[in-house]
Amino acid sequence: MVEIFVLILLAQDVRIIDGDTVEIDAEIIRLENIDTPERGGRAECDAERMLAETATRQLTQILAIGEVTIERSGEDRYGRTLARVFVDGLDAGELLVERGVAVRWEGRRHDWCGDHQ
């Protein structure tokens, strides 16, 4: 079941964890339709780490555009809320894909290092 929740957020209301995960009012939300590179020690190479920082900045900019709508669809194995996040009707995940800092989720983590290891 999809639960739709509309928020009007201020920058201080959202903590961006990484390019595909945010925290709003103590709820951790994982964007379900995309995969972005891992930050810090979870990254497998410097290229992934740098792209992760770019993805995080891009998501921050996208969420600042306007009204945020969250369509919850359940939880992942880590207890995070799985949801699609829309800003003024635009899918934030798809915007990240269009900007080249995310890929569509294919059921497993994407190899962000490739030949860059």
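Loop-only GluC sites (Glu not before Pro) in the range 29-117, please: DSSP not H, G, I, E or B, and at most 16 other Cβ atoms within 10 Å. Hits after loop and neighbour filter: Glu44, Glu67, Glu106.
Net charge in the neighbourhood of Val101 (other residues with Cβ under 14 Å of its Cβ; Lys, Arg +1, Asp, Glu -1) is -3.
Helix 46-63 and the long axis of the chain differ in direction by around 20°, with both axes built from C-alpha atoms. Can you pull out the chymotrypsin sites (Phe, Trp or Tyr not before Pro) in the range 63-117 whose DSSP state is coil and whose Cβ has at most 12 other Cβ atoms within 10 Å? Taking the range 63-117 and a limit of 12 other Cβ atoms within 10 Å, the loop chymotrypsin sites (Phe, Trp or Tyr not before Pro) found are Tyr78.
The length gained on full extension between Arg104 and Thr54, counted as 0.36 nm times the residue separation minus their Cα-Cα distance, comes to 16.3 nm.
Can you match P(r) over Cα pairs in 10 Å bins from 0, in percent to one of these, (i) 15, 48, 30, 6, 0; (ii) 14, 51, 33, 2; (iii) 12, 35, 31, 17, 5, 1, based on a calculation from the structure here? Looking at P(r) over Cα pairs in 10 Å bins from 0, in percent for this model, the match is (i).
Over all other residues within a Cβ to Cβ distance under 10 Å of Val14, the charged ones net out to -2, with Lys and Arg as +1 and Asp and Glu as -1. Sparse packing (at most 15 other Cβ atoms within 10 Å of the Cβ) combined with a DSSP loop state is found for the following trypsin sites (Lys or Arg not before Pro) in the range 28-92: Arg77.
Every number in this text was worked out from the coordinates using simple rules, so none of it is lab data. On a predicted model such as this, the values are computed, not experimentally measured, just so you know. Methodologically, a virtual Cβ is constructed for each residue, glycine included, from the backbone with ideal geometry; neighbour enumeration extends over all protein chains shown.
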